[in-house]
1. Check Val61 against each of (1) hydrophobic (A, V, I, L, M, F, W, C); (2) surrounded by 15 or more Cβ atoms within 10 Å (Cβ to Cβ); (3) without any contact (Cβ under 8 Å) to a residue 40 or more places away in the chain and name the one condition it does not meet.
2. With respect to the numbered conditions (1) within 19 Å of Arg14 (Cβ to Cβ); (2) in contact with a helix residue (DSSP H, G or I) (Cβ under 6 Å, 6 or more places away or on another chain), which one is the sole condition not fulfilled by Ile32?
3. Report, by residue number, each residue of the stretch 16-28 that is surrounded by 10 or more Cβ atoms within 10 Å (Cβ to Cβ) and closer than 17 Å to Glu3 by Cα.
4. Considering only residues that are exposed (fewer than 15 other Cβ atoms within 10 Å of the Cβ), closer than 17 Å to Arg69 by Cβ and within 14 Å of the chain's Cα centre (by Cα), which ones fall in the stretch 29-43?
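Each reported figure results from applying straightforward, stated rules to the coordinates on display, with no laboratory input. These numbers were taken from a predicted model, which means no experiment stands behind them. Because the Cβ atoms are built from the backbone with ideal geometry, glycine has one as well, and the counts that use them run over all protein chains shown.
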Amino acid sequence: MKEMVEYIAKALVRNPDAVKVTEEIRGNRVYITLIVDDEDKGKVIGRDGRVAQAIRSVLRVAAVKADQRIVLQID
């Protein structure tokens, strides 16, 4: 999951070297934190949060296959 978020984020931003993704597993929940440069936050979140919601939808599909729940936080 972590690699997928990192791949998507690096494709969206201008400064892919500043992208950092951390993953923490607690039970059947996976907490993923995406950290991007301040200039790139708008691109990752998107207008009205549509890009962030699309990333969460892709993660949700992958999580169902792995029998997990995913929480994505963008910093």
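1. (2)
2. Answer for Ile32: the failing condition is (1).
3. Residues satisfying the conditions are Pro16, Ala18, Val19, Lys20, Val21, Thr22, Glu23, Glu24, Ile25.
4. Residue satisfying the conditions is Tyr31 alone.
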